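One structure below.
The values are calculated or read from the model by the stated rules, or taken from the named source; none is laboratory data. Note that the structure is predicted; figures quoted are calculated from it, not measured. No Cβ is skipped: glycine too gets one built from the backbone with ideal geometry, and neighbour counts run over all protein chains shown.
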Amino acid sequence: MNQPKPFVIAVTGLNAIDSPGPGVAVIRAVREGIPQPVRIIGLAYENLEPGIYMEGICDKIYQVSYPAAGANALLSVLTQIHTKEGIDVIIPNFDAELPNFIAIEEQLKNMGIRCFLPSREMFEARDKQKLAAFGKEHGLMVPKDKTVHLYSDLAIAGDELGYPLVVKGKFYEAVIAQTPEQAQKAYAKISAKWGLPVIVQEYIAGTELNIAALGDGEGNAISIIPMRKLYITDKGKAWAGITLEDESLLDLARKFIAVTKWKGGFEMEIMRNAKNEPYIMEINPRFPAWIYLSAGAGQNQPAALVKMAMGEKIEPYTTYDAGKLFIRYSWDMIVDVARFQQFTAFGQLVN
């Protein structure tokens with residue numbers, strides 16, 4: 001009896017480190033939630049991303065060019081990989097790479113590769129530099145912010161917003177600055193790492209909440225999972241969290257999906273203040289690193305995304321399990337140096 005051809009799914013974000021990418025969690029969810037066989041192609045940027053070497057995660061891994069190389073470079077390397085692997089679906093998991101994938105989505109489709117991505121307009125509407133204006137337009141609570149292109153403008157932003165404030169990179173990283181001196185140090189560090197501009201945001205004290213959600217591109221919410229952080233690292237990453245039963249958070253995500261007609265996965269970072277008001281701190285245009293919790297809570301968002309990318313009609317989930325915890329942990333893998341050398345030398349590895 002012939003076995004059905006496996007879905008070939010390419011996934012980025014294999015850096016399962018202290019500031020993890022979503023890739024490993026996405027792959028685990030996809031493997032559990034797709035009924036037919038799947039073959040996972042890992043797309044890695046660096047040769048020490050742990051997801052390259054973890055057993056049971058990727059079937060084959062290829063090294064790809066950094067997002068700064070541009071959309072044409074990405075298309076070139078994906079064309080080469082597709083020729084060998086016959087990719088059905090790609091799930092990109094980094095903010096910085098999404099503009100390139102959005103730019104070549106139609107060309108990938110013509111090659112037979114499906115994505116399930118927001119449009120450029122959707123992507124730009126929730127950009128950190130535009131989030132405050134977006135919130136004002138749609139009646140969403142968003143902290144005040146200032147976009148800083150010059151070091152000399154940092155003091156002006158501090159005077160307007162007051163201290164403490166939050167200094168953010170345009171793609172990643174955020175530092176709470178209690179004083180102008182701390183803000184200057186954070187500006188120097190973040191601008192050197194992520195480039196300009198830097199976003200300076202009003203500080204909101206309260207409880208940190210997160211929402212992982214999936215939109216169908218027509219204004220409908222397929223899945224929404226709210227989570228409260230229980231343990232936060234010094235980099236601000238959730239190391240443990242618990243699903244919540246909170247209709248106000250569901251309504252917030254539904255409203256965002258309705259006004260943007262969001263297509264694909266996203267994460268809302270929320271701060272609920274002492275008055276119980278939910279402020280949207282960020283909207284990340286891809287699955288969060290804790291997305292495997294969606295599968296554990298009964299709404300497997302990565303698997304649903306793959307099915308929709310393949311043209312399947314998915315009905316919105318109506319229930320999930322509140323009180324489900326995720327607890328992240330780290331352990332030491334032992335990897336033969338020959339595998340590391342092979343990936344470093346040839347840019348690909350078979351597991």
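Within the set of pairs 6 or more residues apart or between chains, which connect a residue that is outside any loop (DSSP other than H, G, I, E, B) and among the acidic types (Asp, Glu) inside the range 270-288 to a residue that is modelled with pLDDT of 95 or more and crowded, with 20+ Cβ neighbours inside 10 Å with Cβ atoms less than 9 Å apart?
Glu282/Glu267; Glu282/Met268
Hey, among the residues in the range 314-351 that are in contact with a Lys or Arg (Cβ under 9 Å, 6 or more places away or on another chain) and of a type outside the set (A, V, I, L, M, F, W, C), which one's farthest from Glu32 (Cα to Cα)?
Gln348
Collect the residues in the range 177-191 that are of a type outside the set (Val, Ile, Thr), under 30 Å from Lys275 (Cα atoms) and loosely packed, with under 14 Cβ neighbours inside 10 Å, keeping them in residue-number order.
Hit for the range 177-191 is Gln178, nothing else.
Scan the range 317-337 for residues that are exposed (fewer than 15 other Cβ atoms within 10 Å of the Cβ) and not hydrophobic (A, V, I, L, M, F, W, C) and report the count.
8
I'm checking my understanding of the structure. Among residues of the range 290-312 that are small (Gly, Ala, Ser) and closer than 18 Å to Ile9 by Cβ, which one is surrounded by the most Cβ atoms within 10 Å (Cβ to Cβ)?
Once the filter is applied, the top-ranked residue is Ser294.
Go through the range 285-329 residue by residue and tally those that are aromatic (Phe, Trp, Tyr) and in contact with a Leu (Cβ under 6 Å, 6 or more places away or on another chain).
Of the residues in that region, 1 qualify.
Condition first: free of Cβ contacts under 8 Å to residues at least 12 places away in the same chain, closer than 30 Å to Glu312 by Cα, part of a helix (DSSP H, G or I) and within 17 Å of the chain's Cα centre (by Cα). Can you find one or more residues in the range 111-125 that meet it? Break it down into steps so the answer makes sense when it comes.
Filtering the range 111-125 for residues free of Cβ contacts under 8 Å to residues at least 12 places away in the same chain gives 121, 124.
Those still in the list that are closer than 30 Å to Glu312 by Cα too: 121, 124.
Those left that are additionally part of a helix (DSSP H, G or I): 121, 124.
Filter again for within 17 Å of the chain's Cα centre (by Cα), leaving 124.
Among the residues of the range 111-125, at least one is free of Cβ contacts under 8 Å to residues at least 12 places away in the same chain, closer than 30 Å to Glu312 by Cα, part of a helix (DSSP H, G or I) and within 17 Å of the chain's Cα centre (by Cα), which makes the answer yes.
If we scan the range 126-135, do we find a residue that is in contact with a helix residue (DSSP H, G or I) (Cβ under 8 Å, 6 or more places away or on another chain), within 21 Å of Gly206 (Cα to Cα) and outside the structural domain of Val306 (by TED's automatic domain parsing)?
The answer is no; no qualifying residue exists.
What tally of residues in the range 1-29 results from selecting those that are surrounded by fewer than 24 Cβ atoms within 10 Å (Cβ to Cβ) and not small (Gly, Ala, Ser)?
13
Provide a single number: the residues in the range 149-191 that are in a helix (DSSP H, G or I), out of contact with any strand residue (DSSP E or B) (no Cβ under 9 Å at 6 or more places or on another chain) and polar (S, T, N, Q). Full working, then the answer.
We begin by selecting, within the range 149-191, every residue in a helix (DSSP H, G or I); these are 151-161, 180-191.
This time we only want the ones that are out of contact with any strand residue (DSSP E or B) (no Cβ under 9 Å at 6 or more places or on another chain), so: 151-152, 155, 159, 180-181, 188.
Keeping just the survivors that are polar (S, T, N, Q) gives 152.
Here the count works out to 1.
Would you say Val30 is out of contact with any Lys or Arg (no Cβ under 6 Å at 6 or more places or on another chain) and among the hydrophobic types (A, V, I, L, M, F, W, C)? Lay out the reasoning, then the answer.
Numbers: out of contact with any Lys or Arg (no Cβ under 6 Å at 6 or more places or on another chain): yes; among the hydrophobic types (A, V, I, L, M, F, W, C): yes.
Criteria met by Val30.
Anything in the range 4-26 that is within 15 Å of the chain's Cα centre (by Cα) and free of Cβ contacts under 8 Å to residues at least 40 places away in the same chain? List them, or say none.
Asn15, Ala16, Ile17, Val24 - these are the residues of the range 4-26 that are within 15 Å of the chain's Cα centre (by Cα) and free of Cβ contacts under 8 Å to residues at least 40 places away in the same chain.
Can you tell me how many residues in the range 72-96 are within 15 Å of Ile61 (Cβ to Cβ) and in contact with a strand residue (DSSP E or B) (Cβ under 7 Å, 6 or more places away or on another chain)?
Residues flagged as within 15 Å of Ile61 (Cβ to Cβ) and in contact with a strand residue (DSSP E or B) (Cβ under 7 Å, 6 or more places away or on another chain) within the range 72-96 amount to 6.
Specify the residue that is surrounded by the most Cβ atoms within 10 Å (Cβ to Cβ); the eligible residues are those in the range 127-144 that are at pLDDT below 90 and outside any helix (DSSP H, G or I).
My answer is Lys128.
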